[in-house]
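Read the structure below first, then the notes.
The values are calculated or read from the model by the stated rules, or taken from the named source; none is laboratory data. The shown structure was predicted, so the numbers you read here are calculated from the model rather than taken from an experiment.
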Amino acid sequence: MVGRDNLPQQQPVHNRTVSLQPMFVTNRTTIAEIDNHLASAETRIVVVTLERGSQHGEHVVQHIGERYLDVRIVLVCEGSAQDILAMAFKAGVWACVGRQSSVETLREAIDMVASGRRYLAQELANARPAAASTGDRNEASGSVNTFGDEEDSTQLTRRERQVLTLIAQGRPRREIAELLKVSPRTIDAYRARLLQKLSLDSSVQLVKYAISAGLAS
């Protein structure tokens, strides 16, 4: 199980660059303590643990996402893969790993975030409905049509809702692709499918739909 005592220590640096030595936030860490740390520390990575039955972690993520645009959040979550993936789309979140992920996985996530890349633990990236997984496997063979979902054409699949939410947040296609561990061409295909399903004509209309559906604000 991941924990702060397992991570390598790093000597302090004397500039404002992102450091591999993050701040760890638990249910016992107050918002005031977070603000005091971020006001004085050079580290711009915060590892937030989300625990079942508590909304403190979600409040921390919202607080950091709204107030500190240069801070990168690494989430350590417990719960279903669907719940964890929903948190991965919050503002300020750069990486997401499960509570039961290995220490090596957390280290890899922090390394990736420090280098300016987003990260989603492989076990979460693989946690897709069976139909969607079939479609995503087609991508490996070069097929752009990655939609194996057998749902009503007027109903969005979970992956389509995820893509729609990220589009509505204004994230670039390459960033969405990196977060969901697919190619940019696959994101283009999802966008085209969304436009077709919802009878819309542009990304602006997709954003308006996402807001009206409660998928974005």
Residue match in region 127-143 (condition: modelled with pLDDT of 70 or more and either aromatic (Phe, Trp, Tyr) or farther than 17 Å from residue 47 by Cα (or both)): no
Residue in region 51-71 that is within 21 Å of residue 166 (Cα to Cα), at pLDDT 90 or above and not in a helix (DSSP H, G or I) present: yes
Yes/no for residue 178 being under 19 Å from residue 92 (Cα atoms), modelled with pLDDT of 85 or more and among the charged types (D, E, K, R): yes
Where residue 15 falls short, out of the listed (1) at pLDDT below 50; (2) more than 20 Å from residue 68 (Cα to Cα): (2)
